[in-house]
Amino acid sequence: MIKNVLFDFDGTLADTRDAIVRTTQAAFARIGLQAPGEEQIQKCIGLSLKDAAMQYPGMTPETYGRFEESYHALFELFAHSNVKLYPDVADVLSRLDSRGFKLGIVTSRGRHSLLSLIDMLGIASFFDGLSTVENAAHCKPAPDTVLYLLDRLGLEADETLVVGDTVYDLLMGQKAGCRTCGVSYGNHSAEMLSSVSPDAVIGSFADLEAVIVNLNR
């Protein structure tokens, strides 16, 4: 019986792709490196900033510190005009909350950034807990981020559904012993998501409630 739902943030609840791409490319330019292309950046969304950055050509441990500082400063400039909720997210969250589901966010984003964004988007009140990069010794696809929130909220893994737009999210949930649901409107395709055998893959956030009903039969 699914009683709890934990969501990835970027690409699942909110469309942050343009903000991340523009911020990454601007940060590379600021430190004098050739920026990666949009497709390459998109493939790394969902990983921690450091794990993503170290996959880009030209990035080294020595240059990462300057990149990280530039990225955090620039993201604030791009976020407010380039981040928006996906369709139906606020309505579905409201209904799940009113029906007594425990809701949380499990993300590779930093806590300060996440709090700022969910407040800006008007969804902060729906969540019982947040697990961010600060709470994980190992980031996605390791299960640490989910395990932290299960422990903090006293949730059972087999009663919990993890929802995300990347294979990193799904593997994270599976390794924590949770059920998983991929959303194909984010950063990984339905084919990529299906390759790790989640319990469901949906093309619209509005379909999430039907997935929960089916899992609870």
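The values are calculated or read from the model by the stated rules, or taken from the named source; none is laboratory data. Predicted model, so just to flag it, every value in this text is computed and none were measured. Note that we place each Cβ from the backbone using ideal geometry, even for glycine, and neighbour counts take in every protein chain shown. Accessible surface areas use protein heavy atoms only, side chains included; no ligands, DNA or RNA. Shrake-Rupley method; radii C 1.70, N 1.55, O 1.52, S 1.80 Å.
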For every helix of n ≥ 4 consecutive DSSP H residues, a contribution of -39,500 (n - 2.57) applies; sum these over the chain, divide by its total residues, and give [θ] at 222 nm rounded to the nearest 500 deg cm²/dmol.
-13500 deg cm²/dmol
Three semi-axes of the equivalent ellipsoid, region 1-102, Cα gyration tensor, whole Å, largest first:
32, 14, 11
Mean-square fluctuation maximum in Gaussian network of the chain, Cα pairs under 10 Å, restricted to Gly58, Gly104, Gly129, hits Gly58
Just to confirm the filter: which GluC sites (Glu not before Pro) across region 148-217 are DSSP coil and have at most 16 other Cβ within 10 angstrom of their Cβ?
Glu156
If you roll a 1.4 angstrom probe over the protein chains with everything in place, what fraction of the accessible area of the chain belongs to carbon and sulfur, to the nearest %?
49
What does the charge dipole of the chain about its Cα centre add up to, to the nearest 20 debye, if the Cβ of each Lys and Arg holds +1 and the Cβ of each Asp and Glu holds -1?
120
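Which trypsin sites (Lys or Arg not before Pro) from region 68-159 combine a DSSP loop assignment with at most 10 other Cβ atoms within 10 Å? Before the final figure, lay out the partial values.
Details: sites: Lys84, Arg95, Arg99, Lys102, Arg109, Arg111, Arg152; in loops: Arg99, Arg109.
Hits after loop and neighbour filter: Arg99.
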Heavy-atom accessible area per residue - the chain, 1.4 Å, Å²:
44
Checking a compactness column here: for region 111-189, what do you get for Rg(Cα) / (2.2 N^0.38 Å), N being the number of residues?
1.09
Within the set of other residues whose C-beta is less than 13 Å from the C-beta of Ala206, count the net charge using Lys and Arg as +1 and Asp and Glu as -1.
-3
Determine which lysines satisfy two conditions relative to Lys102: a Cα distance under 16 Å, and not lying fewer than 8 residues away in the same chain.
Lys3
Considering only Cα-Cα distances, which of the following residue pairs are longer than 18 Å: Lys43/Lys175; Lys50/Lys84; Lys43/Lys140?
Lys43/Lys175; Lys50/Lys84
